[in-house]
């Protein structure tokens, strides 16, 4: 079975539900520190992008993460998501 590398942003561009699920998984990795350091800004960024692409789970997780973030961190996460969406 092929291993899907979650942290390759270009490979996450597969479309539809699978894309939203992969992006949500990236958010979970950053939220929990799985394979990377815990980074709530990055977690919120990926949950936000996944939510925009149709993941209800990511939308709920984004809300949970936002409750733990400062306003400035939340602004950084929103800016990062917007920049990513502009490029991709």
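For segment 16-28, give me the residue count where each residue is surrounded by fewer than 20 Cβ atoms within 10 Å (Cβ to Cβ) and closer than 19 Å to residue 74 by Cα.
Total meeting the criteria: 1.
What do you reckon, is residue 33 loosely packed, with under 15 Cβ neighbours inside 10 Å, on the phi > 0 side of the Ramachandran plot and at pLDDT 95 or above? Break it down stepwise before answering.
On the way: loosely packed, with under 15 Cβ neighbours inside 10 Å: yes; on the phi > 0 side of the Ramachandran plot: yes; at pLDDT 95 or above: yes.
Yes, satisfied.
Only one of (1) closer than 16 Å to residue 81 by Cα; (2) at pLDDT 95 or above; (3) not in a loop (DSSP other than H, G, I, E, B) fails for residue 19. Which number is that?
Looking at each condition in turn, residue 19 falls short on (2).
The values are calculated or read from the model by the stated rules, or taken from the named source; none is laboratory data. Here the structure is a predicted model, which is why all the values come from computation and not from measurement. When we count neighbours, we look across all protein chains shown, and the Cβ atoms used for this are built from the backbone with ideal geometry, even at glycine.
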